[in-house]
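The values are calculated or read from the model by the stated rules, or taken from the named source; none is laboratory data. All values derive from a computational prediction rather than experimental measurement. In this analysis, Cβ positions are derived from the backbone assuming ideal geometry, glycine residues included, and neighbour counts consider all displayed protein chains.
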Amino acid sequence: MGCAPSTPAAGASTLSPVSPAKVAPLPSPAKPTALAAKPADAPTVSPSTAPAKGAGLVEKKVSPAGAGHPAVKSGQHAAMMQAAGASGQTIVFVLGAPGAGKGTQCEKLVKQFGYFQISTGDLLREEVASGSELGEKLKSIMAEGALVSTELVLALVKKAMETSDATKFLLDGYPRAQDQAIEFEKTIGKPAFVLAFEADEATLEERLVNRGLTSGRADDNRESIKKRFATFKSQSEAVIDYYKSQDLVRSINSLRHPDEVFAEVACLFDASCEFRGLRVTENVPFVPFVD
Ligand code: AP5
């Protein structure tokens, strides 16, 4: 779902998957979080009504907390969205396990708020599709659910940012390793905030297997999906913890219809939105949604 050029920058040639052991730890990481986040754990919600019988839906309310999303304190929206990168750029990292809905929500944010989406997964797949020698090497790394080297991915991200005239960026799937966060901050800047989508692994697996029926993605099969989850746990969760320790993470429960998820997400980008409640789906088996 990316919308940026695909050719990697010259010199970006390191292809081996990133080894977690070689990465310097980030300062003061918080406790690791579970991949699974039950709807009832959604951090911005406080229960107010009993579960609706049979329907599996629980209506929950949040208290009004000034303009915008309740996770953003009243009057702080402008500060949160303040340009954090070089040259007045606003950068939002969009993170979460495979299938959590990063791409789906980014697409909606692009339409509604005019952000420029950079999906590192899409950029890498474009390289694979080109049939280049580099693409062949990337293909096997991605099918294994491993991470492509930071040097290469950061070069792709930088190039996409530099060749765009946008000032507001969604980085979809970056950073997903500790060194990626550190290198990005050194060379480009800090994110305004981090969107982190949460859902349980079983649901995500079903989403991805279902997508695999038509996506043609070489990593949308059960074997690769398990490996992608393992990589997320061993390398990417630490990035979310790092930004949690800086109070920059806005956790979003993605176990709802994409439009319901977006209703909450949009409030993080719009200080004037009327966000007063959530509908949280509980104990409902996976059902693919229809657009
Ligand atoms: P990438 O393409 O980023 O894959 P991913 O992180 O595994 O995420 P997906 O794109 O599969 O899921 P998503 O969270 O975007 O969900 P989506 O909206 O698509 O990366 C692929 C590979 O590239 C990596 O494994 C790695 O090898 C490499 N790579 C990428 N970035 C890298 C980096 N920074 N460093 C190193 N290597 C990197 O939705 C998934 C499905 O669920 C869709 O069918 C969608 O319709 C459905 N869905 C979405 N939301 C909902 C919902 N709320 N309810 C029901 N269904 C939903």
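Figures for the structure shown
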{"read-out": "Matching residues in region 226-250 - criterion: being of a type in the set (Asp, Glu), over 12 Å from Ala177 (Cβ atoms) and part of a helix (DSSP H, G or I)", "value": "Asp241"}
{"read-out": "Residues of region 200-234 satisfying the condition of being out of contact with any helix residue (DSSP H, G or I) (no Cβ under 9 Å at 6 or more places or on another chain), over 19 Å from Ser140 (Cα atoms) and not β-branched (Val, Ile, Thr)", "value": "Asp200, Ala202, Glu206, Arg207, Asn210, Arg211, Leu213, Lys233"}
{"read-out": "Residue within region 90-112 that is of a type in the set (Val, Ile, Thr), at pLDDT below 95 and touching a Lys or Arg at 6+ places or on another chain (Cβ under 9 Å) present", "value": "yes"}
{"read-out": "Long-range neighbours under 7 Å by Cβ, at least six apart or interchain, first residue farther than 13 Å from Arg217 by Cβ and touching a residue at least 40 places away in the same chain (Cβ under 8 Å) within region 111-134, second more than 16 Å from the ligand (Cβ to nearest atom) and in a loop (DSSP other than H, G, I, E, B)", "value": "Phe116/Ser164; Phe116/Ala166"}
{"read-out": "Residue tally, condition over 22 Å from Gln246 (Cβ atoms) and within 10 Å of the ligand (Cβ to nearest atom), over region 154-195", "value": "1"}
{"read-out": "Selection from region 110-133 of residues that are in contact with a strand residue (DSSP E or B) (Cβ under 6 Å, 6 or more places away or on another chain) and of a type in the set (A, V, I, L, M)", "value": "Val110, Ile118"}
{"read-out": "Filtered residues of region 198-228 (kept if buried (at least 20 other Cβ atoms within 10 Å of the Cβ) and within 15 Å of Lys102 (Cα to Cα))", "value": "Glu198, Ala199, Leu204, Arg207, Leu208, Arg228"}
{"read-out": "Among (1) outside any loop (DSSP other than H, G, I, E, B); (2) near the ligand (Cβ under 10 Å from one of its atoms); (3) farther than 21 Å from Lys108 by Cα - the single one Gly121 does not satisfy", "value": "(3)"}
{"read-out": "Region 105-149: number of residues that are touching a Pro at 6+ places or on another chain (Cβ under 6 Å) and under 20 Å from Phe197 (Cβ atoms)", "value": "1"}
{"read-out": "Which numbered condition Phe116 fails, given (1) within 20 Å of Pro98 (Cα to Cα); (2) buried (at least 17 other Cβ atoms within 10 Å of the Cβ); (3) in contact with a Lys or Arg (Cβ under 7 Å, 6 or more places away or on another chain)", "value": "(1)"}
{"read-out": "Among the residues listed as Val265, Val284, the single one being at pLDDT below 95, aliphatic (A, V, I, L, M) and farther than 25 Å from Phe113 by Cβ", "value": "Val284"}
{"read-out": "Number of the condition not met by Glu198 [criteria: (1) more than 10 Å from the ligand (Cβ to nearest atom); (2) among the acidic types (Asp, Glu); (3) more than 21 Å from Leu147 (Cβ to Cβ)]", "value": "(3)"}
{"read-out": "Among the candidates Glu183, Glu198, residue that is over 17 Å from the mean Cα position of the chain (by Cα) and closer than 20 Å to Phe232 by Cα", "value": "Glu183"}
{"read-out": "Count of region 168-202 residues which are in contact with a Pro (Cβ under 8 Å, 6 or more places away or on another chain) and either aromatic (Phe, Trp, Tyr) or without any contact (Cβ under 8 Å) to a residue 12 or more places away in the chain (or both)", "value": "1"}
{"read-out": "Condition met for Glu133 (within 14 Å of the ligand (Cβ to nearest atom) and more than 22 Å from Gln89 (Cα to Cα))", "value": "no"}
